[in-house]
1. Within the range 75-161, which helices (runs of 4 or more DSSP H) (wholly inside it) include 1 or more residues that are under 30 Å from Thr185 (Cα atoms) and modelled with pLDDT under 75?
2. Do we have Thr78 as closer than 24 Å to Phe249 by Cα, touching a residue at least 12 places away in the same chain (Cβ under 8 Å) and of a type in the set (Ser, Thr, Tyr) here?
3. In the range 219-252, what count of residues is obtained for those that are among the β-branched types (Val, Ile, Thr) and farther than 19 Å from Leu17 by Cβ?
4. With respect to the numbered conditions (1) open to solvent by less than 10 Å² (accessible area, probe 1.4 Å); (2) under 14 Å from the mean Cα position of the chain (by Cα); (3) more than 30 Å from Arg257 (Cβ to Cβ); (4) not acidic (Asp, Glu), which one is the sole condition not fulfilled by Pro70?
5. Among Val22, Val14, which is modelled with pLDDT of 90 or more, open to solvent by 30 Å² or more (accessible area, probe 1.4 Å), touching a Ser or Thr at 6+ places or on another chain (Cβ under 8 Å) and within 24 Å of Pro272 (Cα to Cα)?
6. Which ones in the range 41-57 are in a helix (DSSP H, G or I) and loosely packed, with under 11 Cβ neighbours inside 10 Å?
7. Filter the range 214-238 for residues that are touching a Gly at 6+ places or on another chain (Cβ under 8 Å) and over 18 Å from Leu274 (Cβ atoms) and give the result.
Amino acid sequence: MRRFEDRNPIAVAVYLLAAAGVAMLTMDPVLLCLSLAGALLSLGATGGFGPLRSHGWAAVLFLLTALINPLTYHNGRTVLLVVNDAPITLEAVLYGMAAGGMIVAVLYWFRIFSRIMTGDKLLYLLGGLSPGLSLVVSMALRYVPLFGRQWRRVQATQRALGLYREDDPVAALRGRLRVFSVMTTWALENGVITADSMAARGYGLGRRTHFARFRFTLGDGLLTAASLALAGLSLWGAAGRGVSYYPAFAMGALTPRGLAGYLAYGVLVLLPALLNIKEAMVWHCFNSGR
């Protein structure tokens, strides 16, 4: 059973960059809604949504962007209200909502990227181009969860010793600074240990062989080609319809070209879920025939 996240890192990276790239290159509200819905569906299909509180940042970021734009940018014909002689226009509100949706959707796509592209996959992806860069990126991504776990461990130890109080703001700040000092020392010491370990293993002494446990199959090639073709068709369709927010919000008539772009992007963002459903059905049929 080969799920989407188990496919070749090149095919997965091309797909995720294509899906996120379309969202970054257009402000079409339909495409942005499709992108956000597809990112959430793909997140669930590739490991689950996680706890609900982990998505609170998305709502906060969306609301901040939607509110900041009309408060700082006052162009537009349709005035909703006036605050301190500054008009709040409908067009600025709509643009802020579209910008917030685009940012949240792109961040969700890169959240999927960080979940799927582990250190060995990044080494495989970038090792041929720049081994040093691939090593730095994979080590940096590895230290993020390590730092978080160690921070919680040190914080729990400080709390158990009675050195970390949250009822007193001054004591809580002092406790956080103490934990930060401990974590800084831990990170520096861990970096020295890692460097010594790499030197002991002969890193940097000469040209080394490159091992990869990933194979680029016909299915990976088809996924890569489909991702690029669907992304190109999506952008072509979006350019044919056209969306403008200033001075008045307007969207072009829905033509066959625009509809083709929407359908192409809909298929693109559904690919991870469709592939995993297909693999699950094949696995179920295989087990049923035993």
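The values are calculated or read from the model by the stated rules, or taken from the named source; none is laboratory data. Just so it is clear, the structure is predicted and the values come from calculations on it, not from any experiment. Neighbour counts run over all protein chains shown; Cβ positions are idealised from the backbone, glycine included. With ligands, DNA and RNA removed, areas are computed over all heavy atoms of the protein, side chains included. Shrake-Rupley method; radii C 1.70, N 1.55, O 1.52, S 1.80 Å.
1. Helices (runs of 4 or more DSSP H) meeting the threshold: 119-127, 131-160.
2. yes
3. Count: 1.
4. All conditions pass for Pro70, except number (2).
5. Result: Val14 is the single residue among Val22, Val14 that is modelled with pLDDT of 90 or more, open to solvent by 30 Å² or more (accessible area, probe 1.4 Å), touching a Ser or Thr at 6+ places or on another chain (Cβ under 8 Å) and within 24 Å of Pro272 (Cα to Cα).
6. Leu52, Arg53, Ser54, Gly56
7. Scanning the range 214-238 gives Leu235, Trp236, Gly237, Ala238.
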